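A short worksheet on the structure shown next.
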Amino acid sequence: MNSSLALDLEKTSRTANGGIVVLLGLFALAGNFISFYFHFGTVAFLLLVLLNTYWRHFQSSHTLLANFGFLAQFRYLAESVGPEFRQYLFSSDTEERPFNRNERAEVYRKSKGIDSSSAFGTLLSYDPEEAKIRHSFYPTDKQRLEKFDVAVGAARGLETTYHINRPIMISAMSYGALGENTVRSLARGAKLAGIPMNTGEGGYPKYHLMENCDLIFQLGTAKFGVRNEEGYLDDQKLADLAAKDQIKMIEIKLSQGAKPGKGGLLPKEKITKEIAELRGVPQDKDVLSPAHHLECVDAKTTVEFLARVQKVGGLPTGMKFCLGRDDEFRELVQEMKRQKTLPDFITVDGGEGGTGAAPKSFMDDLGMPLFEALPLVHQILSEEGVRAQIVLFASGKLISPGKQIKAMSLGADVAYSARGFLLSLGCIQALQCNKNSCPVGITTHEPHLQKGLNIEDKSKRVANYVDALHHEFDELLAATGAASASSLTTKNIYFSNANQSVAANN
Amino acid sequence: MKTTLPTRLAQVVAASILIFASVMKFKGDPGAIEIFTKLEMEPGGRYIAAIFEMLAGLLLLSSFAAFGSVLAIGMMAGALIAHATRLGLEVNNDGGALVGQLAIVLLSSLFVAISRRKEIPIIGSSF
């Protein structure tokens, strides 16, 4: 495009590069002949000229700097502050990802106990491709709504059967990814709200245990906290942990939505004495999290491992995964039937799930989305005749009651959220969880950043969020005409033509 | 980035000299007054230089040492210009001690700036 107003960048940069040399000379002369004060300018331009000479003639890693000199730095400057400008000024209320401003504001209001009613109409484009909840002509009277109660472990007749009484739980986030104050705020909030909290795979849940809430211990592929030196399960350590009163369930993590099929690496520089103790790893070696449990190499060994954990732990035990191939999952379920070992629950994590750190390509391109995977898992379990014995948890951006109702219509029994709870703590979606520099002190271990995160205050917000979610969940449930969440089916959800395949499968 | 012992040492050396020089200027040390009189900057220039030296010294001792080192390099470049154009190598028969101090601060600040260059926003990533 040619415009008379267009700036000729090459000419401008040539002028600027020459201009600073001329200015340097002028300041030097003025400093010498008029007043020494002008040498302040001489020094400033001298440094700029030296830097500019380096950028233009002695480096080759930045083409723009080599071609255009110091003016190119303005591009890097603008680029570096771009995300903040977009977030605060230029992005509309509904276009940010992973959560837009409206979604975040809704969580903030719920967690602060502020009225969250809006006026005039939806701000969404009411996207016809998105699933919507179907309401009934005959909504359920509030007093007829049944109490939310999901029993995990009841199918096996376990004495340790655990009852979940609210539709939402705190999903897996480990100490390590989160700071100490965050873990304690969430745990205290969970206790106040009467919901269980998943410990994440970060090893012995020291800070989770401090607040006396119910816990789901997550057994990650590296088995932090319950591993032997080679990274295999140490039965005794698991038995000791499971014997703790607060540990109510065990979740074997096969994969995670944000990075399915990927292990992690904990560099030795980041392993403090405390983390080494909690995770049960040496402090002087990098720790590799394998992509799969060393014990689980096929369906047979995976089910054997499940049976072993169920036996050693004696608690309701399930598995978490992000669905990849449904034929593999069916094979796994058939193997469970052969070995007469069913998990007490299955957590289906959508590919849109969150993480503290993962390679971008894994976040963007791997794993089935929750609303496609969930009905498939529900369908396979039903077809194999074991659905009634297994509780289904769902996770993946389920931060609002509407999404939770949709998930339950697609087969879930209980919803999990991690990032929703981070937002309730005041997360501003700065997207720095992997940098230890979280400005609101949530995903950092820096004491000066954690200082602002008051455990007493924030734990109340967590509880407020759960209360407000549950209240609205009941209202929506009543509107569907159902008496309980367990009676929701795909009949309660509307799919556009684009998504008919999901409905057709059920 | 991990800060090495030599870098920390260089920070402390440069900061000590800068803070000492700054205090002498604030106190109105006769040597400093003479220098700034020769530069025709007395007393304003002396106070400005003292403020910048103090700031550079304190920054060098803080987590913003990279910024302190750049400021110190600037100050020392200015001092070099003064010695080259008006003061000469020897000031008040000091046998070149002042220029020696200047060289120590300049070299240690350069060392700090180079080893902590990644901490300087925008510019740091180009090295």
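The values are calculated or read from the model by the stated rules, or taken from the named source; none is laboratory data. These figures come from a predicted structure and were not determined experimentally. Backbone-built Cβ (ideal geometry, glycine too); neighbour counts: all protein chains shown.
Laid out as a table, the results:
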| item | result |
| --- | --- |
| Residues of the range A:350-378 classified as assigned to a helix (DSSP H, G or I) and in contact with a Lys or Arg (Cβ under 9 Å, 6 or more places away or on another chain), total | 5 |
| Subset tally (residues that are surrounded by fewer than 19 Cβ atoms within 10 Å (Cβ to Cβ) and not in a helix (DSSP H, G or I)) for the range A:198-214 | 1 |
| Residue match in the range A:340-348 (condition: of a type in the set (D, E, K, R) and not in a loop (DSSP other than H, G, I, E, B)) | no |
| Members of the range A:73-91 that are among the polar types (S, T, N, Q) and under 16 Å from A:Arg104 (Cβ atoms) | A:Gln87, A:Ser91 |
| Hits in the range A:60-98 - residues which are at pLDDT below 85 and among the aromatic types (Phe, Trp, Tyr) | A:Tyr76, A:Phe85, A:Tyr88, A:Phe90 |
| Residues being within 11 Å of chain A (Cβ to nearest Cβ), in a loop (DSSP other than H, G, I, E, B) and among the aliphatic types (A, V, I, L, M) - total across the range B:85-127 | 3 |
| Number of positions in the range A:353-409 that are of a type in the set (Asp, Glu) and either crowded, with 24+ Cβ neighbours inside 10 Å or at pLDDT below 95 (or both) | 3 |
| Qualifying residue in the range A:303-310 (condition: surrounded by fewer than 21 Cβ atoms within 10 Å (Cβ to Cβ), assigned by TED's automatic domain parsing to the domain that holds A:Lys435, of a type outside the set (S, T, N, Q) and at positive phi) | no |
| Leading residue by the ranking (surrounded by the fewest Cβ atoms within 10 Å (Cβ to Cβ)) among those in the range B:39-73 that are hydroxyl-bearing (Ser, Thr, Tyr) and in a helix (DSSP H, G or I) | B:Tyr47 |
| Verdict on A:Phe58 being free of Cβ contacts under 8 Å to residues at least 12 places away in the same chain, crowded, with 17+ Cβ neighbours inside 10 Å, among the aromatic types (Phe, Trp, Tyr) and over 18 Å from A:Gly19 (Cα atoms) | no |
| Helices (runs of 4 or more DSSP H) contained in the range A:398-506 and holding at least 2 residues of a type in the set (Gly, Ala, Ser) | A:401-409, A:419-424, A:455-480, A:500-504 |
| Looking only at the range B:1-29, and only at residues there that are closer than 21 Å to B:Arg117 by Cα and either acidic (Asp, Glu) or not in a helix (DSSP H, G or I) (or both), the one that is nearest to the other protein chains (Cβ to nearest Cβ) | B:Lys2 |
| Some residue of the range A:45-54 being in contact with a helix residue (DSSP H, G or I) (Cβ under 7 Å, 6 or more places away or on another chain), hydroxyl-bearing (Ser, Thr, Tyr), surrounded by fewer than 18 Cβ atoms within 10 Å (Cβ to Cβ) and under 23 Å from B:Leu71 (Cα atoms) | no |
| Failed item, numbered, when A:Leu124 is tested on (1) at pLDDT 80 or above; (2) under 24 Å from the mean Cα position of the chain (by Cα); (3) surrounded by fewer than 16 Cβ atoms within 10 Å (Cβ to Cβ); (4) away from every other protein chain (no Cβ under 14 Å) | (1) |
| Selected residue (criterion: farthest from A:Pro196 (Cα to Cα)) from residues of the range A:127-175 that are of a type in the set (Val, Ile, Thr) and part of a loop (DSSP other than H, G, I, E, B) | A:Thr140 |
| Failed item in (1) more than 11 Å from chain A (Cβ to nearest Cβ); (2) touching a residue at least 40 places away in the same chain (Cβ under 8 Å); (3) under 18 Å from B:Leu98 (Cα atoms), with B:Ala32 passing the rest | (2) |
| Residue match in the range A:274-283 (condition: touching a strand residue (DSSP E or B) at 6+ places or on another chain (Cβ under 7 Å), closer than 25 Å to A:Glu335 by Cβ and buried (at least 16 other Cβ atoms within 10 Å of the Cβ)) | no |
| Of the criteria (1) aliphatic (A, V, I, L, M); (2) at pLDDT below 90; (3) crowded, with 22+ Cβ neighbours inside 10 Å, which one A:Met249 fails | (2) |
| Unique residue being over 20 Å from A:Leu423 (Cβ atoms) and aliphatic (A, V, I, L, M) when the list is A:Ile168, A:Ile195, A:Ile250 | A:Ile250 |
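Here is a yes/no grid of residues against (1) outside the structural domain of A:Thr15 (by TED's automatic domain parsing); (2) part of a loop (DSSP other than H, G, I, E, B); (3) touching a residue at least 24 places away in the same chain (Cβ under 8 Å):
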{"residue": "A:Ala66", "(1), (2), (3)": "no, no, no"}
{"residue": "A:Tyr76", "(1), (2), (3)": "no, no, no"}
{"residue": "A:Glu103", "(1), (2), (3)": "yes, no, yes"}
{"residue": "A:Ser116", "(1), (2), (3)": "yes, yes, yes"}
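Listed here are the residues, each with its yes/no results for (1) more than 13 Å from chain B (Cβ to nearest Cβ); (2) within 30 Å of B:Ala77 (Cβ to Cβ); (3) aromatic (Phe, Trp, Tyr).
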{"position": "A:Lys11", "(1), (2), (3)": "yes, no, no"}
{"position": "A:Asn32", "(1), (2), (3)": "no, yes, no"}
{"position": "A:Phe38", "(1), (2), (3)": "no, yes, yes"}
{"position": "A:Val49", "(1), (2), (3)": "no, yes, no"}
{"position": "A:Asn52", "(1), (2), (3)": "no, yes, no"}
{"position": "A:Gln59", "(1), (2), (3)": "no, yes, no"}
{"position": "A:Gly69", "(1), (2), (3)": "no, yes, no"}
{"position": "A:Phe85", "(1), (2), (3)": "yes, no, yes"}
{"position": "A:Asn102", "(1), (2), (3)": "yes, no, no"}
